[in-house]
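Okay, structure first, notes after.
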Amino acid sequence: IYRAFTEMMLQTTDLVKQDPTYSEDAVMTTAAQKKIDDPESVTALVFFKRDKVIFDPLWGMLGVSTYIGPAIDRVVTQGADYNEVLDAQTTTYQARLLELYS
């Protein structure tokens, strides 16, 4: 059920983005304004989209890709094995941490 729901949401997102009147900022602003009264907080929230990252010094030191979204997408949309995909990520992080701190 989760995979079917996710597939439906991804396809809906693609169709919505094809609409020439669609504005991601406008949609996010409207949603944020329903929950947040402070205009500066709304602006800050709208700024953080999928392509934005918050600096984390630990992951910066690792020097490996820390964005796990593509791995999760493979599990959800392509039916990849969850344990296999996440084990590969864990192995990469553990090896780099051992290099740094051993």
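The values are calculated or read from the model by the stated rules, or taken from the named source; none is laboratory data. Owing to the predicted nature of the structure, the values given are computational and were not obtained by experimental measurement. Note that we place each Cβ from the backbone using ideal geometry, even for glycine, and neighbour counts take in every protein chain shown. Surface accessibility is based on the protein's heavy atoms, side chains included, excluding ligands, DNA and RNA. Shrake-Rupley method; radii C 1.70, N 1.55, O 1.52, S 1.80 Å.
Probe radius 1.4 Å, ligands and nucleic acids left out: which of Leu97, Leu15, Leu86, Leu10 has the largest accessible area, and how do the rest follow? Show your work: numbers first, answer last.
Working: Leu97 55, Leu15 120, Leu86 30, Leu10 80 Å².
I get Leu15, Leu10, Leu97, Leu86, largest accessible area first.
Dipole size in debye (nearest 20) for the stretch 1-45 around its Cα centre, Lys and Arg Cβ +1, Asp and Glu Cβ -1?
Details: 4 positive and 8 negative charges, 46 e Å.
Value, rounded to 20: 220 debye.
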How much accessible surface does Val27 have with a 1.4 Å probe, in Å² rounded to 10?
-> 80 Å²
Loop chymotrypsin sites (Phe, Trp or Tyr not before Pro), the stretch 65-102, which have at most 13 other Cβ atoms in a 10 Å radius of their Cβ (DSSP) | Tyr67
